[in-house]
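Participant: I'd like to ask some things about the structure below.
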Amino acid sequence: MQRKPGRPRALTVDVIAQAALDDGVDTFSMPSVARRLGVAHSGLYRYVTDRDDLMVEALTRAYAAATWPDADLPWEELLREIGNTIWRACDEFPGLDRASQHSRKLSPVVLRHMEDYVSSLQAQGFLAEDAAVAVEFAIFLALDCSSQMHRLDQPTEADCPTSPALTVDDVDEVRHCELYARKLDIVLAGLAARRI
């Protein structure tokens, strides 16, 4: 949706990042964001250095809007809830999964939460290295499965069960969510054996 001609709104990094999210966090361009805001795209460079910088700002805004789990949860529940947070964020901001995977740096919001979660896992009997791998795995597994789910072609009618209650889209989503849960279960079982 293009803005009507007239006085452009006051630009801030936050306004520009929201425009990038609205345009599609994995597909926006500097000119498309500028058009959305009704400004010349050269004006955006007063606030962000380049597209990569704007992508990090947009990712940060998206992840800041997420409801992250409390770090005091029991470790297995915590890792599951971290993944659920990522899934919900990817549903709310289409393209977030792919943009996060291709961004040159992690959002500071994600890094802050990762630090808290790693500390929590350490306090629950994990080595620092194992805790860091576990938290990173929970985040990136959810991003990867979400990205795959959106990237793959839709299954054919032959792939669907005969139940009329499920559509082709439902089957695709169920398959990928089950695959995600299975992968996470395997890792959690392995982590349980590594607690000290």
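Participant: About its Cα centre, how strong a charge dipole does region 13-59 have in debye, to the nearest 20, once Lys and Arg get +1 and Asp and Glu get -1 at the Cβ?
Facilitator: Magnitude of the dipole: close to 240 debye.
Participant: Same structure, new question: Using the Karplus curve 6.51 cos²θ - 1.76 cosθ + 1.60 with θ = phi - 60°, what ³J(HN,Hα) values do you get for each residue of region 92-101, in whole Hz, with x for Gly and Pro?
Facilitator: Result, ordered by residue: 6, 10, x, x, 4, 4, 5, 4, 5, 5 Hz.
Participant: Work out how much length ALA189 to GLU136 would gain on full extension: take 0.36 nm times their residue separation and subtract the Cα-Cα distance, in nm to one decimal.
Facilitator: Length gained, ALA189 through GLU136: 17.4 nm.
Participant: How large is the Kirkwood hydrodynamic radius of region 13-59, in angstrom, based on all distinct alpha carbon pairs?
Facilitator: For region 13-59, inverting the mean 1/r across all distinct Cα pairs yields 10.0 Å.
Read the figures in this text as sums done on the coordinates, not as results from a lab. Quick caveat, the model's predicted, so the values are computed rather than measured. Using ideal geometry, Cβ is built from the backbone for each residue, glycine included, and neighbour counts are taken over all protein chains shown.
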